[in-house]
1. Can you name every residue in the range 98-124 that is more than 23 Å from residue 231 (Cα to Cα) and open to solvent by 40 Å² or more (accessible area, probe 1.4 Å)?
2. What do you reckon, is residue 182 modelled with pLDDT of 90 or more and either surrounded by fewer than 14 Cβ atoms within 10 Å (Cβ to Cβ) or touching a strand residue (DSSP E or B) at 6+ places or on another chain (Cβ under 9 Å) (or both)?
3. Taking the residues in the range 35-46 that are without any contact (Cβ under 8 Å) to a residue 60 or more places away in the chain and touching a helix residue (DSSP H, G or I) at 6+ places or on another chain (Cβ under 7 Å) as candidates, determine which candidate is farthest from residue 67 (Cα to Cα).
4. Looking only at the range 10-35, how many residues end up being more than 18 Å from residue 111 (Cα to Cα) and open to solvent by less than 80 Å² (accessible area, probe 1.4 Å)?
5. Looking only at the range 36-47, filter to residues that are modelled with pLDDT of 90 or more and loosely packed, with under 15 Cβ neighbours inside 10 Å; which one of those is farthest from residue 118 (Cα to Cα)?
6. For a quick check of your reading of the model, give me the residue pairs whose first member lies in the range 59-71 and is under 17 Å from residue 43 (Cβ atoms), whose second is open to solvent by less than 40 Å² (accessible area, probe 1.4 Å) and basic (Lys, Arg), with beta-carbon atoms closer than 9 Å and at least 6 apart or on different chains.
7. So, of the residues in the range 48-63 that are open to solvent by 50 Å² or more (accessible area, probe 1.4 Å) and in a helix (DSSP H, G or I), which turns out to be modelled with the lowest pLDDT?
8. Does residue 162 satisfy the criteria of being part of a helix (DSSP H, G or I), modelled with pLDDT of 90 or more and under 15 Å from the mean Cα position of the chain (by Cα)?
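The values are calculated or read from the model by the stated rules, or taken from the named source; none is laboratory data. Computed from a predicted model, the values in this text were never measured in an experiment. Note that each Cβ is placed from the backbone with ideal geometry, even for glycine, and that neighbours are counted across all protein chains shown. Only protein heavy atoms, including side chains, enter the accessible area calculation; ligands, DNA and RNA are left aside. Shrake-Rupley method; radii C 1.70, N 1.55, O 1.52, S 1.80 Å.
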Amino acid sequence: MSLWRRIRPILSLTLRFFHISSIEARNQHSGTRLGLLWTPLAAIIFSAVLALVFRHSDTVSGADFFLYVFCGYVFWGFVSDSLTGSTNVIQSQLEFAVHNNLSVLGLFAKALVDRLFEYFMNVGVLVVMILVLRPSDFSMTILLFPAFLGLIVLASLGGSYLINIGTILYPDMKTGVQVGARFMFFASPVFWSAEASHGARALLVTYNPVAYYLTAGRQVFGLQPFEPFVWLVMAVTSMLVAVLGYLAFVASQDFVRNFK
């Protein structure tokens, strides 16, 4: 009973944030006929173009490569928003935090829910596409999705705070993060295959942490075979980022105002 009392306020606040995120997303597409459908539709169109242009192997069908690219692009959207969307959370959303009686942590949680709302919409479309195009790809690895979700939440929340504190201390870091995110898109296996990579690609797959998240995300939906080592690296990375984010949060209390 005491556990439920602790969890209930968190669940209530999370649902409230998702409701606000849905309203904000609808407002972004107000006046259009498709409304929220523009979010997954835009991802589908861009992924289809990438799959058409960068497909290089006749051994992989067009449908399979499209699902590979779409799954990667869907998660990349979450990564990109976690990076570029975190450069000025504290600086730009003071009024929103005060109006909604939010603490600093609550403000970053709201930003995280915004990213998850878009991610869930795209994942829902991805699941439907796999069931239609490649139903045999679905396996028991789908049960790993809650674990995958937990790890990306830790990394996104911790990384967001680290980036925002960095841009407060070093304003030029904002542009650096934006440039780095564009570079990371091409340096990560979003639209090129991580399998049998060699040369520069092999280095990017081995030493680029985003590559492990992309691979694990595809493994969840059966688009790549399960590899425990990938999950180990992802788990260690997420825990490390979360711990660093927490330490930065504790250390920054003297100069970051607690809105609540």
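1. Across the range 98-124, the qualifying residues are 98, 99, 101, 105, 114, 118, 121.
2. yes
3. 35
4. 4
5. Only one residue tops the list, namely 45.
6. As it stands, the answer is 67/218; 68/218; 71/218, since those pairs meet every condition given.
7. 54
8. No: the conditions fail for residue 162.
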